[in-house]
1. Restricting the first residue to region 56-79 and requiring it to be more than 21 Å from Pro43 (Cβ to Cβ), which pairs with a second residue that is modelled with pLDDT under 90 and assigned to a strand (DSSP E or B) meet a Cβ separation below 6 Å and a spacing of at least six or different chains?
2. Working carefully through the options Ile303, Ile279, Ile294, Ile244, find the one that is modelled with pLDDT of 90 or more, over 30 Å from Val458 (Cβ atoms) and in contact with a Lys or Arg (Cβ under 8 Å, 6 or more places away or on another chain).
3. Name the strands (runs of 3 or more DSSP E) wholly inside region 31-106 in which the number of residues that are at pLDDT 95 or above and either touching a Cys at 6+ places or on another chain (Cβ under 9 Å) or closer than 23 Å to Leu143 by Cα (or both) is 3 or more.
4. Among the acidic types (Asp, Glu) and either assigned to a loop (DSSP other than H, G, I, E, B) or within 14 Å of Leu384 (Cα to Cα) (or both): does that describe Asp246?
5. Only one of Ser233, Ser179 is touching a residue at least 40 places away in the same chain (Cβ under 8 Å), within 23 Å of the chain's Cα centre (by Cα) and assigned by TED's automatic domain parsing to the domain that holds Thr78. Can you tell me which?
6. What tally of residues in region 439-462 results from selecting those that are buried (at least 22 other Cβ atoms within 10 Å of the Cβ) and within 27 Å of Ser289 (Cα to Cα)?
7. If I go through region 10-30 residue by residue, how many of them are part of a strand (DSSP E or B) and touching a Lys or Arg at 6+ places or on another chain (Cβ under 8 Å)?
Amino acid sequence: MAADAASTSTIVILDFGSQYTQLIARRIREFNVFSVVLPCTAPLSDVLALNPKGIILSGGPSSVYDTDAPAADPKVLTTGMPILGICYGLQFITHHLGGKVHPADKREYGHARVQIASHNRLFAGLPQEINVWMSHGDSAVNLPEGFTQTAQTSSALAGIANEEKRIWAVQFHPEVNHSEKGSELLRNFVINICGAKPDWTPEHFIQSTVERVRAQVGPKGHAICGLSGGVDSSVAAVLVHKAIGDRLTCIFVNNGVLRKDEFAKVQATMREKLGLKVIAVDAGERFLSRLSGITDPEAKRKIIGNEFIAVFDDEAEKILKDLETKGVAEHDAEGNEVAWLVQGTLYPDVIESSSVKGPSQTIKSHHNVGGLPENMKLKLIEPLRDLFKDEVRRIGRDLGMPEEILERQPFPGPGLAVRILGEITPDRVAILQEADAVVVEEIKAAGLYRQLWQSFAVLLPVKTVGVMGDQRTYAYTCAIRAVTSEDGMTADWAPLPYEVLKTISSRIVNEVRGINRVVYDITSKPPGTIEWE
């Protein structure tokens, strides 16, 4: 992060706990401007160390008068650099600069019509009225000295500004797709007001990341990368390979909960199409043994994370012993061999796993974050940690990677373990592998695979009565999940054609022994998550 912030125009976003904070970062990056999300409690010195062109104060679920209301250092409002407050950010500005915020007479959630009263630089080029997305219960009623109202709805203030102090704020969420001209408003702030240059490109990211990895690993250091065959780990591996060449060894582990034929297919792709050095480890029985009797989703993730690291440690020791024998191993000051673990962790992985970027509630631990043991022997390299999924694909294309890899749908690190509700057994894994293969085949046959963010099968711990061949059956229920999304932070269930659903259901019930009923999940995120566990 620091390398990018030091060499490109940067916008800092202070997170007050909004579910939309990451969308702000994503919208800014669409302008080829680097954005960094920091918790609102970050010291002002940390903010200024990034030398930002401007600062955005995000929304949040609290009231500024709550006893535990999230708060940034008020001095951030006196730095002289451009500031944009969004929703709670507007209320924070108003409250800390001497204005007043009260509970709104009419709370505004959802669509609203905003009238722009003053076409200042923030609203340049926007029409007089726009439809926006609101989500607030409090409103500013008395403005701080020197501020003017710039926009309003039929019931509340919707925008304020103090051009002299270089502070602007809106009560709505321009980062959300539901807000008309939201991107134009953000562009006005980032490009026209802050003067940020659109110089954060895939080429720049690749160059800076390669340089950073080379410096991090050192001239003699070696790294291992846990491959899953998906987009994230593959792009991470190719990036690190570009930096250190054959000093990277990729390890692909059969954890017992891979998709059908995945173990063989991934090995062939990584070696033949990407030119990576791959060690394949068949540890399926080891993983399934540790998962036996475990039903809690978080416990599954932790066990799989710990076992992955244990396998990597075992393989790393073998690699280091070989390097030691050849006299090319690198050592630290205490004489210990140095090795690095490459992970394809993405921004949303980190956001959903902890509240370090603001007071947002943890939803569930991620296999690349929450599952890491405290005594891990390997040092981490996470070259994609600050990227969203669509950005990773852009990087992959610039690296010349084949589309068949880049267009693969996301697959969870814990594999089918989080798609088998209840206990993981070899029989249940085999059943789900067959059902999932049917889903993927039919989605691809219908030409829908690239249109969907994810499409997969889930095996439920529920058996129902059925009739097949005039005989009574008592077998498992399978749920089909298909969603559309831009970045995985939010998602809508996909209205698949009935004929596709009919074919999938018919094939699963007739071809997969152990399933006699198929249902379709029509839950969006939020309130649900994409994966069932």
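The values are calculated or read from the model by the stated rules, or taken from the named source; none is laboratory data. Just so it is clear, the model here is predicted, and its values are computed rather than measured. Here Cβ is always computed from backbone atoms with ideal geometry, including for glycine, and neighbour counts include all displayed protein chains.
1. Listed by first residue and then by second, the contacts come to Ser63/Asp138.
2. On the way: Ile303 fails: over 30 Å from Val458 (Cβ atoms); Ile279 fails: in contact with a Lys or Arg (Cβ under 8 Å, 6 or more places away or on another chain); Ile294 fails: over 30 Å from Val458 (Cβ atoms).
Checking each option against the conditions leaves just Ile244.
3. Values: elements: 34-39, 54-57, 83-86.
Correct list: 54-57, 83-86.
4. Working: among the acidic types (Asp, Glu): yes; either assigned to a loop (DSSP other than H, G, I, E, B) or within 14 Å of Leu384 (Cα to Cα) (or both): no.
No; evaluated as a whole, the condition is false for this residue.
5. Working: Ser233 fails: assigned by TED's automatic domain parsing to the domain that holds Thr78.
After ruling out the rest, the residue left standing is Ser179.
6. Qualifying residue count, region 439-462: 4.
7. 3
Residue-by-condition table, conditions (1) buried (at least 22 other Cβ atoms within 10 Å of the Cβ); (2) out of contact with any helix residue (DSSP H, G or I) (no Cβ under 7 Å at 6 or more places or on another chain); (3) in contact (Cβ under 8 Å) with a residue 24 or more places away in the chain:
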{"position": "Thr209", "(1), (2), (3)": "yes, no, yes"}
{"position": "Val217", "(1), (2), (3)": "yes, no, yes"}
{"position": "Leu248", "(1), (2), (3)": "yes, no, yes"}
{"position": "Gly256", "(1), (2), (3)": "yes, no, yes"}
{"position": "Phe263", "(1), (2), (3)": "no, yes, no"}
{"position": "Met270", "(1), (2), (3)": "yes, yes, yes"}
